[in-house]
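Worksheet: one structure, shown below.
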Amino acid sequence: MIPIHELLSRIRWDKDFGRGRFEIGYFDHLERKLIRIPLRELHFEPGNSFSFDLHTPDGEVVTIPFHRIREVYKDGGLIWSREKG
C-alpha cells in the first residue's frame, strides 16, 4: 500500500492521475465516525508532511494528522484505505 502522503502528493502533482473529484475520509474523534470531505477543502502547509488544516463551517481551523485519514475516494470510488491494525 502506498503511504498516504505519497498518494496526496501524486494527486496534487500528477496531472493525469489528479483529474477527478477526490474526497478523503478521516476519523473524527469527537463524532466517533468517519467524515468524508472534498480534497479541495483541505489546506496543506508547504513542508508539513504530518498534517493538513481544515476550516469548519463556523470558521475554526482544525489540524488533522495524516494518520487519521482512513480512506481516499476518486469520483465516488474507493481508491485507497488504511489497513486496520
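The values are calculated or read from the model by the stated rules, or taken from the named source; none is laboratory data. All figures in this text were calculated on a predicted structure; none of them were measured in a lab. All Cβ positions, glycine included, derive from the backbone under ideal geometry; neighbour counts span all protein chains shown.
Search the range 1-24 for residues that are over 13 Å from Ile79 (Cβ atoms) and free of Cβ contacts under 8 Å to residues at least 40 places away in the same chain and pair each with any residue that is among the aliphatic types (A, V, I, L, M) and outside any loop (DSSP other than H, G, I, E, B) when their beta-carbon atoms are under 9 Å apart and the residues are at least 6 apart or on different chains.
Close Cβ pairs (under 9 Å, with a partner that is among the aliphatic types (A, V, I, L, M) and outside any loop (DSSP other than H, G, I, E, B)) amount to Arg12/Leu39.
Within the range 57-85, track down each residue that is at pLDDT 95 or above, more than 12 Å from the chain's Cα centre (by Cα) and of a type in the set (Asp, Glu).
Hit for the range 57-85 is Asp75, nothing else.
With assigned to a loop (DSSP other than H, G, I, E, B) and either at pLDDT below 95 or of a type outside the set (A, V, I, L, M, F, W, C) (or both) as the only criterion, which of Arg40, Arg19, Arg10, Arg36 stands out? Break it down into steps so the answer makes sense when it comes.
Working: Arg40 fails: assigned to a loop (DSSP other than H, G, I, E, B); Arg10 fails: assigned to a loop (DSSP other than H, G, I, E, B); Arg36 fails: assigned to a loop (DSSP other than H, G, I, E, B).
Just one listed residue meets the conditions, Arg19.
Would you mind finding the one in Ile2, Ile24 that is part of a loop (DSSP other than H, G, I, E, B), of a type in the set (Val, Ile, Thr) and at negative phi? Explain how you work it out, then say what you get.
Numbers: Ile24 fails: part of a loop (DSSP other than H, G, I, E, B).
Being part of a loop (DSSP other than H, G, I, E, B), of a type in the set (Val, Ile, Thr) and at negative phi holds for just one of Ile2, Ile24, which is Ile2.
Of all residues in the range 57-68, which are surrounded by 10 or more Cβ atoms within 10 Å (Cβ to Cβ) and either touching a helix residue (DSSP H, G or I) at 6+ places or on another chain (Cβ under 6 Å) or part of a strand (DSSP E or B) (or both)? So that I can check it myself, show each step before the final result.
Pass one, the range 57-68, residues surrounded by 10 or more Cβ atoms within 10 Å (Cβ to Cβ): 62-68.
Passing the criteria: Val62, Thr63, Ile64, Pro65, Phe66.
Here are the criteria: (1) surrounded by 13 or more Cβ atoms within 10 Å (Cβ to Cβ); (2) closer than 14 Å to Phe66 by Cβ. Tell me which single one Phe17 does not satisfy.
(2)
Taking the range 46-56 as the region of interest, how many residues are modelled with pLDDT under 90 and not in a strand (DSSP E or B)?
Narrowing the range 46-56 to residues modelled with pLDDT under 90: 46-49, 55-56.
If we keep only those that are not in a strand (DSSP E or B) as well, we get 46-49, 56.
Looking only at that region, the number is 5.
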